[in-house]
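Each remark here refers to the structure printed beneath this line.
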Amino acid sequence: MSKEADSGEVVQLRGMWASPAVHRVAWALRLKGVEEDLERKSPALLELNPITKQVPVLVHGGRPVVESLVILEYIDEVWSGAAGAPPLLPENPYERARARFLAAFVEDKSREATRKVFFAPEKERGEGLRSLEEILEVLEKELKSKEGEFFGGRSIGYLDLAVGWMPFWLGVVLEGVLDCKVMNAIKFPTFYLWSKFFLQNPPEEKWESIITLPPREKAIEYFIKYRQLYSDSPK
Amino acid sequence: MAAGDELKLIGTWASPFVARPRIAFNLKGIQYEFLQEEFGKKSDLLLKSNPVQKKIPVLIHGGKPVCESLIIVEYIDQIWSSSGPSILPTDPYDRAVARFWAAYVDDKLPLQIRPFIREADEAAKAQAIEQIVAALQHLEEAFEKCSKGKSFFAGDSIGFVDIALGSLIGWLRAVEVLAGVKLFDEERIPGLAKWAERFCSSDAALGIMPETAELVEFSKALRDASRAAAPPSN
């Protein structure tokens, strides 16, 4: 049944079940202990629409908030101090700016990189993979500098949520669809350890209830079909 | 870092992204050292401060770098929260709306200015104009909704979306000259057309908005540079 948020208003998350952007918002809501009104959720159809058009929309008290990273900030501000969860964004302005910068950087660079890896002909794929590796290098370095296992330090924060899609979507899905490995545990050991939380592995109860993921086989199947439809390369 | 620590901004006079923190500092009445990059070169300080992207603007506050124009603006708003007007609204929903429209500006407009500062064929330029016109139409509606009859997106004083879009007015006017098309058309987008005038003549934008003629001139230098950098075509 629906539970209303602190502010007494109904919360609904709309978006495509396979989309990483939707999941990052769902994780944020769960971290804050906010329950969604599931009655109005659309059925999980295998609608093969371009993901770019299916952005997550958070509807709070009837008002829509769009753009997943903007939604994360909104959730952090509205439910600050909720469920005893620490803030998603660092309090220190410099650290805050750094978290936002890295999230924006990854978002931007990975868009083009995943397009190349996923859709472009074989010869461009190498470029895409190299770009993804460059992102991982930056993230590996950043993680090493933290006190604690997360980008947010000892607890999951904004940047963890922002890049948390990578272990499943670039790991599991990419490997399943293209038989191509990006998450190199030897090159990026810190990132590798961190990524286990976003694969629900170790399966600690606490993380299981927060880090939800689409069903593995179903997601791979979906992205195989999606790729066939939108690929630049000849079928 | 405290509000009183050393402040340097790395950038150029022509970059609309650099204009953003400069406008924010103006609004807050804060002094800073403006370190201009040489055309065609990236200084050691820039490369050291922003090794990840190697882009301007970079704000160095008490020796620590902050990158990405809109992120810098939010940072300035936070550090100097007690000076000048608030750049972002206080209500979380209004903040989300402001962030959305600023992201929309960055998503839609800078890319469409590119065909005018690089080698590009007429078809690419025509398409860019179409995209700009469509985006400005959406922004006109956003302006009506956000301003609620007041002078700026943020109300009585310049705010986040005003800065995001306002910083691009110079280049959009340059595109008007280069393409021979009116973008800030009083008939199509009356709200924005008047807002643009107001923004450019505001105290906050004083001394920062480059002259259209200068940008048109500069665009030629950029096109020449991109031609020189491009591999020879057969």
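Grab the other residues whose beta carbon is less than 10 angstrom from that of residue B:97, score K and R as +1, D and E as -1, and report the net.
On the way: positive: A:63, B:95, B:99, B:145; negative: B:91, B:94.
Summing Lys/Arg as +1 and Asp/Glu as -1 gives +2.
When only the heavy atoms of the protein chains count and the probe is 1.4 Å, how do B:138, A:60 rank by accessible area, highest first? The partial results should precede the final answer.
Numbers: B:138 90, A:60 10 Å².
Most to least solvent-accessible, the answer reads B:138, A:60.
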The stretch B:31-127, convex hull of Cα, quarter of hull surface, nm² -> 8.8 nm²
Residue-normalised value, i.e. accessible area per residue, for the stretch A:117-235 at 1.4 Å probe, in Å², stands at 50 Å²
Mean per-residue count of partner chain Cβ within 10 Å for A:106-113 equals 1
From DSSP H assignment alone, runs of 4+ in chain A each adding -39500 (n - 2.57), the sum over residues rounded to the nearest 500 puts [θ] at 222 nm at -15000 deg cm²/dmol
With R₀ set to 30 angstrom, the calculated FRET efficiency between the beta-carbons of residue B:42 and residue B:83, to the nearest 0.05, is 0.40
In cubic angstrom per residue, the convex hull of chain A built on its Cα atoms measures 124 Å³
The Rg/Rh figure for the stretch B:7-80, Cα atoms and Kirkwood Rh, to two decimals is 0.93
At q = 0.07, 0.10 1/Å the base-10 log of I(q)/I(0) from the Debye formula over the alpha-carbon atoms of chain B is -0.23, -0.47
If every Lys and Arg gets +1 and every Asp and Glu gets -1 at its Cβ, then about the Cα centre chain A yields a dipole, in debye to the nearest 20, of 540 debye
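Between residue B:90 and residue B:6, what is the FRET efficiency for a Förster distance of 22 Å, r being their Cβ-Cβ separation, to the nearest 0.05? Provide the component values of the computation, followed by the final result.
On the way: r = 29 Å, r/R0 = 1.33.
Plugging the Cβ-Cβ distance into 1/(1 + (r/R0)^6) gives 0.15.
Grab the beta carbon distance between residue A:9 and residue A:130, set R0 = 56 Å, and tell me the FRET efficiency rounded to 0.05.
Values: r = 46 Å, r/R0 = 0.82.
That pair, residue A:9 with residue A:130, gives E of 0.75.
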Inter-chain shielding metric for B:96-105, i.e. average beta-carbon neighbours from other chains within 10 angstrom, reads 5
Within 10 Å of the Cβ of an average residue in A:93-105, the count of other chain Cβ atoms is 6
Ranking A:74, A:230 from most to least accessible area with a 1.4 Å probe gives A:230, A:74
Along principal axes, largest first, the alpha-carbon spread of the stretch B:92-219 in whole Å comes out as 43, 28, 26
On each of the three principal axes the extent of the alpha-carbon atoms of the stretch B:135-210, given in whole Å and largest first, is 33, 29, 16
Whole-Å distance linking the alpha carbon centroid of the stretch B:86-152 with that of the stretch B:1-57 is 23 Å
In whole Hz, the Karplus estimates of ³J(HN,Hα) for the stretch A:86-92 (6.51, -1.76, 1.60; θ = phi - 60°; x where Gly or Pro) are x, x, 6, 8, x, 6, 5
Probe 1.4 Å, protein heavy atoms only: A and B together bury a total accessible area in Å², to the nearest 100, of 2000 Å²
Counting only protein heavy atoms and leaving out ligands, DNA and RNA, the solvent-accessible surface of residue B:173 at a 1.4 Å probe, in Å² to the nearest 10, equals 60 Å²
So residue A:218 and residue A:146, fully extended at 0.36 nm per residue minus their Cα-Cα distance, gain in nm 22.4 nm
Under a 1.4 Å probe, counting only protein heavy atoms, residue B:114 has an accessible area in Å², nearest 10, of 120 Å²
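For the protein assembly as shown, compute the orientation-averaged projected area of the C-alpha convex hull (one quarter of its surface), in nm². Numbers along the way, then the final one.
On the way: hull surface 95.6 nm².
It is 23.9 nm².
Compute, for the stretch B:91-234, the length of the dipole vector about the Cα centre, with Cβ point charges of +1 (Lys, Arg) and -1 (Asp, Glu) only. Units Debye, rounded to 20. Display every interim value, and only then the final one.
Details: 17 positive and 23 negative charges, 46 e Å.
Dipole of the stretch B:91-234, to the nearest 20 debye: 220 debye.
Holding the Cα-Cα limit at 21 Å, pick out from A:146/A:196; A:187/B:55; A:187/B:48; A:141/B:48 the pairs that are longer than that. Write down the numbers at each step before the final one.
Numbers: A:146/A:196 17 Å; A:187/B:55 27 Å; A:187/B:48 24 Å; A:141/B:48 16 Å.
Listed pairs above 21 Å: A:187/B:55; A:187/B:48.
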Neighbours of residue B:47 by Cβ distance under 12 Å: Lys/Arg at +1, Asp/Glu at -1, summed charge +3
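The values are calculated or read from the model by the stated rules, or taken from the named source; none is laboratory data. If you're wondering where the values come from, they're calculated on a predicted model, not measured in any experiment. No Cβ is skipped: glycine too gets one built from the backbone with ideal geometry, and neighbour counts run over all protein chains shown. Only protein heavy atoms, including side chains, enter the accessible area calculation; ligands, DNA and RNA are left aside. Shrake-Rupley method; radii C 1.70, N 1.55, O 1.52, S 1.80 Å.
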